[in-house]
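The values are calculated or read from the model by the stated rules, or taken from the named source; none is laboratory data. On a predicted model such as this, the values are computed, not experimentally measured, just so you know. No Cβ is skipped: glycine too gets one built from the backbone with ideal geometry, and neighbour counts run over all protein chains shown.
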Amino acid sequence: MLEEAFRDEWGRVVASLVGFLGDFDRAEDAAQEAFAVAARTWPRTGPPDSPGAWLVTTARNRAIDRLRRERALAGKMHLLAEPEATVDEADDTLIKDERLELIFTCCHPALPLEGQVALTLRALGGLNTAEIARAFLVSEETMKRRLTRAKTKIRAAGIPFTVPGAHLLPERLDAVLAVLYLIYNEGYSGRVDLGAEAIRLGRVLAALLPDEPETYGLLALMLIHHARRRARFAGERGEDLVLLDDQDRSLWDLDRIAEGRAVLDRAIALGGRGAYVVQAAIASLQAHERVDWPQVAELYRRLAALTGSAVVELNRAVALAQAGDPAGALCAVDRLDLDGYLYFHSTRGELLRRLGRDGEARAAYRRALDLAVSTPEQRFLTRRLEQL
């Protein structure tokens with residue numbers, strides 16, 4: 001129960017405390033104290049009716065106690081104007097949910113992207129510094145410095161703990177969604193389970209912004225992709241990459257795919273036509289037993305028009321090849337300037353192999369192998385070269 005409460009309520013507790021105290025470090029310290037109290041008392045008394053409100057109230061009272069102990073009341077008296085609530089009085093209806101303010105604070109454009117990601121995972125996800133460091137393959141000390149710099153920047157720049165005004169919301173929401181998608185992609189590549197964490201944060205954001213179609217589009221995209229995670233890798237240690245056509249569909253989570261499609265329907269009903277909604281529609285088509293590749297290629301054309309991304313054009317070329325035109329796909333690929341991109345060369349290798357141009361395919365796969373950093377990618381490309 002306590003572990004579940006931690007996952008569900010950490011972000012809400014920290015958000016409430018950051019808004020109350022105006023300080024990330026104090027907020028995290030008080031939240032940790034509240035969870036420590038819960039760990040001692042809940043096994044004896046049972047969990048309260050409103051665990052989140054109980055934790056928020058306990059954490060606020062602990063924060064006030066600490067301020068008093070530090071004799072820092074001179075500049076903090078405004079924090080004590082609100083009377084302390086007792087744990088028995090804790091009620092969800094009386095506790096404001098400030099997670100939305102915290103999301104926009106963590107993803108403020110004044111912070112570097114790496115700081116936005118780290119702070120979002122720490123403050124909203126409850127991951128500790130070591131877990132975040134492992135996820136992004138950096139040392140714990142490096143990640144600690146990133147978090148410290150982000151918190152210092154917020155204080156020094158006076159970044160407000162607030163949801164931006166209506167005229168700024170679309171631009172700022174794009175930044176928030178980009179951070180969540182980056183977190184998901186790190187998890188999708190097989191590292192610490194950030195994929196599930198990104199989906200959890202996506203659900204929070206969708207609940208807090210129920211009329212924003214792109215929020216639902218991103219959530220749908222992550223749900224559908226995550227439903228195939230068990231089929232993407234094979235082998236004893238899960239180090240063999242499995243392409244979509246070769247995946248064991250019995251390993252797909254059909255309930256999660258259905259949920260993703262329902263969320264996508266909600267996004268479309270809200271008038272969603274943005275990049276995340278289009279990507280979710282592509283993922284939904286690719287999860288059908290018989291994939292309509294011409295329709296997938298058309299959706300990639302729309303996505304390329306929205307994003308101007310050469311990587312999207314590369315994916316469109318793959319769909320064209322799957323639809324039966326590998327020669328046309330190769331022409332499209334050769335127009336792209338993506339020489340330093342692993343999947344550009346692996347895609348060229350695959351198209352050349354299909355066209356019987358094995359010598360050129362071998363050279364393309366070797367170039368891709370030079371760029372590969374993960375073991376599954378390296379093993380897959382090595383197998384392709386051996387097959388040639």
Exercise for the section: Confirm whether residue 271 is outside any loop (DSSP other than H, G, I, E, B), closer than 27 Å to residue 179 by Cα and not aliphatic (A, V, I, L, M). Expected result: no
Problem - Matching residues in the stretch 199-241 - criterion: being part of a helix (DSSP H, G or I), small (Gly, Ala, Ser) and under 30 Å from residue 383 (Cβ atoms) - result: 231
Exercise for the section: Can you tell me which residue within the stretch 103-157, out of those that are polar (S, T, N, Q) and outside any loop (DSSP other than H, G, I, E, B), is farthest from the chain's Cα centre (by Cα)? Expected result: 152
Exercise for the section: Tell me, please, whether a residue that is assigned to a loop (DSSP other than H, G, I, E, B) and either of a type in the set (Asp, Glu) or modelled with pLDDT of 95 or more (or both) can be found in the stretch 292-302. Expected result: yes
Problem - Single unsatisfied condition, residue 76 versus (1) modelled with pLDDT of 60 or more; (2) more than 12 Å from residue 16 (Cβ to Cβ); (3) not hydroxyl-bearing (Ser, Thr, Tyr) - result: (1)
Problem - Candidates 354, 362, 348, 335, filtered to the one that is charged (D, E, K, R) and buried (at least 18 other Cβ atoms within 10 Å of the Cβ) - result: 348
Exercise for the section: Would you please name the residue that is surrounded by the fewest Cβ atoms within 10 Å (Cβ to Cβ), looking only at residues in the stretch 199-257 that are among the basic types (Lys, Arg) and at pLDDT below 90? Expected result: 237
Problem - Residue check, residue 381 within 25 Å of residue 225 (Cα to Cα) and modelled with pLDDT under 95 - result: yes
Practice task
Determine which member of the set 2, 21 is hydrophobic (A, V, I, L, M, F, W, C) and surrounded by fewer than 19 Cβ atoms within 10 Å (Cβ to Cβ).
Solution key: 2
Completion exercise
So, first residue within 19 Å of residue 314 (Cβ to Cβ) in the stretch 277-299, second residue basic (Lys, Arg) and part of a helix (DSSP H, G or I), Cβ within less than 7 Å, six or more apart or across chains; the pairs are 278/302; 297/316
Exercise for the section: Look through 148, 105, 162 and report the one residue that is surrounded by fewer than 16 Cβ atoms within 10 Å (Cβ to Cβ) and at pLDDT 90 or above. Expected result: 148
Handout entry: Single residue of 149, 145 found to be touching a Gly at 6+ places or on another chain (Cβ under 8 Å), of a type outside the set (A, V, I, L, M) and under 23 Å from residue 124 (Cα atoms)
Key = 149
Handout entry: Residue check for residue 12: within 21 Å of the chain's Cα centre (by Cα) and within 20 Å of residue 129 (Cβ to Cβ)
Key = no
Handout entry: From 357, 335, residue being under 17 Å from residue 315 (Cα atoms) and modelled with pLDDT of 90 or more
Key = 335
Problem - Residues that are assigned to a helix (DSSP H, G or I), over 30 Å from residue 156 (Cβ atoms) and within 31 Å of the chain's Cα centre (by Cα), drawn from the stretch 21-49 - result: 36, 37, 38, 39
Practice task
Can you work out which of the residues in the stretch 365-388 that are among the polar types (S, T, N, Q) and without any contact (Cβ under 8 Å) to a residue 60 or more places away in the chain is surrounded by the fewest Cβ atoms within 10 Å (Cβ to Cβ)?
Solution key: 387
